[in-house]
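*Asks:* Dropping a structure here in structure tokens format, bear with me for questions.
The values are calculated or read from the model by the stated rules, or taken from the named source; none is laboratory data. These numbers were taken from a predicted model, which means no experiment stands behind them. In this analysis, Cβ positions are derived from the backbone assuming ideal geometry, glycine residues included, and neighbour counts consider all displayed protein chains. The accessibility values were calculated without ligands, DNA or RNA, using every heavy atom of the protein model including side chains. Shrake-Rupley method; radii C 1.70, N 1.55, O 1.52, S 1.80 Å.
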Amino acid sequence: MVMQSRQSGFTLIETMVMLGIVGTLSAMAIIQIGQSAQQMRADGAMRVVMGQLNTARELAISQRRYMQVQFTAPNRIRVIRTDVNTSGNVTGTTLLSEAFFEGGVTYNRAASIPDTPDAFSGSSSINFGTATTIQFSTDGSMIDQSGNPLNGWVAMAMPNVVNSSRAVTVFGSTGRVRAYRWNGSSWVRV
């Protein structure tokens with residue numbers, strides 16, 4: 001009785017076809033990951049702004065102190081507490097928080113993109129009207145240097161990447177913060 005051994009495996013053609021399919025799928029995935037990474041960086045910057053604004057508001061209420069918010073180009077946001085003595089006189093300020101955007105995102109507004117549904121934008125990437133000081137008061141409202149309620153917006157994006165546009169708006173009388181993402185044709189509330 002003669003035993004025949006059976007060899008198993010893949011032919012060269014089968015291996016080449018599989019490598020071609022894997023290569024094509026890998027190339028498609030790399031393209032998608034690149035586009036998704038831009039969107040994630042822009043979302044991260046939006047969340048930084050939202051987080052800092054919400055933190056400033058909550059600290060103003062809980063500490064019963066004015067919390068100033070400073071937006072510094074190209075990508076920095078600071079929360080500063082106004083310190084007072086027992087008589088209520090201002091004695092100085094304290095930096096409580098400072099954050100930066102990562103991944104090349106800056107305060108930026110593409111001219112081709114319209115205003116958010118809240119209609120606070122104006123023509124710049126940071127718009128709080130003529131206010132020289134932007135701060136949260138002890139009741140949680142956002143006010144200017146004279147104590148007037150202050151509506152505004154902050155826009156951010158990666159330079160020359162329109163679909164990375166994000167916006168955060170603030171309603172002055174309540175201090176409510178909203179976020180928007182540009183989807184290529186309209187703002188979508190996040």
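*Asks:* Only one residue in Ile30, Ile61 is β-branched (Val, Ile, Thr) and open to solvent by less than 90 Å² (accessible area, probe 1.4 Å). Which one?
*Replies:* Of the residues listed, the single one that is β-branched (Val, Ile, Thr) and open to solvent by less than 90 Å² (accessible area, probe 1.4 Å) is Ile61.
*Asks:* Residue check: is Thr93 of a type in the set (Val, Ile, Thr), closer than 29 Å to Asp144 by Cα, open to solvent by 90 Å² or more (accessible area, probe 1.4 Å) and in contact (Cβ under 8 Å) with a residue 24 or more places away in the chain?
*Replies:* Yes; evaluated as a whole, the condition is true for this residue.
*Asks:* Identify, please: which residue in the range 142-173 is of a type outside the set (D, E, K, R) and over 21 Å from the mean Cα position of the chain (by Cα) and is, among those, least open to solvent (accessible area, probe 1.4 Å)? Before you say what the answer is, go through the steps one by one.
*Replies:* As a first pass, look at the range 142-173 and keep what is of a type outside the set (D, E, K, R): 142-143, 145-165, 167-173.
Next, only the ones that are over 21 Å from the mean Cα position of the chain (by Cα) stay: 143, 145-149, 173.
Values: Ile143: 14, Gln145: 91, Ser146: 89, Gly147: 42, Asn148: 80, Pro149: 92, Ser173: 90 Å².
Residue satisfying both the conditions and the ranking: Ile143.
*Asks:* May I ask you to list the residues in the range 105-154 that are closer than 11 Å to Gly172 by Cβ and among the aromatic types (Phe, Trp, Tyr)?
*Replies:* Phe120, Phe128, Phe136
*Asks:* Also, quick follow-up: For the range 106-190, which strands (runs of 3 or more DSSP E) that fit wholly inside it have 1 or more residues that are in contact with a helix residue (DSSP H, G or I) (Cβ under 6 Å, 6 or more places away or on another chain) and touching a residue at least 60 places away in the same chain (Cβ under 8 Å)?
*Replies:* Qualifying strands (runs of 3 or more DSSP E): 152-158, 161-171, 176-182.
*Asks:* Would it be correct to say that Ser36 is open to solvent by less than 60 Å² (accessible area, probe 1.4 Å) and either assigned to a strand (DSSP E or B) or aromatic (Phe, Trp, Tyr) (or both)?
*Replies:* No; evaluated as a whole, the condition is false for this residue.
*Asks:* Please indicate, with yes or no, whether at least one residue in the range 71-89 is of a type outside the set (S, T, N, Q), free of Cβ contacts under 8 Å to residues at least 12 places away in the same chain and either open to solvent by 40 Å² or more (accessible area, probe 1.4 Å) or at positive phi (or both).
*Replies:* Scanning the range 71-89, I find at least one residue that is of a type outside the set (S, T, N, Q), free of Cβ contacts under 8 Å to residues at least 12 places away in the same chain and either open to solvent by 40 Å² or more (accessible area, probe 1.4 Å) or at positive phi (or both), so the answer is yes.
*Asks:* Applying the selection to the range 101-139, what residues are surrounded by 13 or more Cβ atoms within 10 Å (Cβ to Cβ) and among the hydrophobic types (A, V, I, L, M, F, W, C)?
*Replies:* Phe101, Val105, Ala110, Ile113, Phe120, Ile126, Phe128, Ala131, Ile134, Phe136
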